[in-house]
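Inspection log for the structure reproduced underneath, given as structure tokens.
The values are calculated or read from the model by the stated rules, or taken from the named source; none is laboratory data. Bear in mind that the values here come from a model prediction, so they are computed numbers and not experimental data. Cβ placement follows ideal geometry from the backbone for every residue including glycine, while neighbour counts extend to all protein chains displayed. For the accessible areas, the whole protein counts, side chains as well, though only heavy atoms, and no ligand, DNA or RNA atoms are used. Shrake-Rupley method; radii C 1.70, N 1.55, O 1.52, S 1.80 Å.
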Amino acid sequence: MKALQDYPWPGNIRELESVIERALILCPGPIFQLVDKLEISSPPISSTVKTLEESERNQILKTLSETRWRIEGKDGAAAILGLHPRYLESEDA
């Protein structure tokens with residue numbers, strides 16, 4: 001009972017129904033026992049997942065675009081991103 005309560009049920013009620021039905025069919029005796037261990041599998045990594053470097057670059061470009069490519073000053077991209085203006089002026093950015 002504890003295993004059933006602690007499991008997050010990512011498949012919702014259908015998964016719960018399936019696990020209980022399978023346990024009832026395969027249970028060797030009169031006492032209800034789970035046949036399978038309830039383990040959470042990690043989702044597959046999607047090919048659309050970006051690297052940290054790609055995400056940072058996209059955020060920098062988005063911020064530069066929103067500031068009309070203004071790098072320095074109070075409303076400049078460097079201030080918004082918390083970066084030194086020279087970093088955005090360099091080719092490494």
Yes/no for Ile40 being in a loop (DSSP other than H, G, I, E, B), touching a Pro at 6+ places or on another chain (Cβ under 8 Å) and modelled with pLDDT under 90: yes
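Conditions tested, residue by residue: (1) over 30 Å from the mean Cα position of the chain (by Cα); (2) on the phi > 0 side of the Ramachandran plot; (3) open to solvent by 60 Å² or more (accessible area, probe 1.4 Å).
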position: Gln5; (1), (2), (3): no, no, yes
position: Pro28; (1), (2), (3): yes, no, yes
position: Glu54; (1), (2), (3): no, no, yes
position: Ser65; (1), (2), (3): no, no, yes
position: Arg68; (1), (2), (3): yes, yes, yes
statement: Output for Cβ contacts, cut-off 7 Å, separation at least six or different chains, first residue within 14 Å of Tyr87 (Cα to Cα) in region 63-76, second open to solvent by less than 70 Å² (accessible area, probe 1.4 Å) and in a loop (DSSP other than H, G, I, E, B), reads Arg70/Gly76; Gly76/Thr67
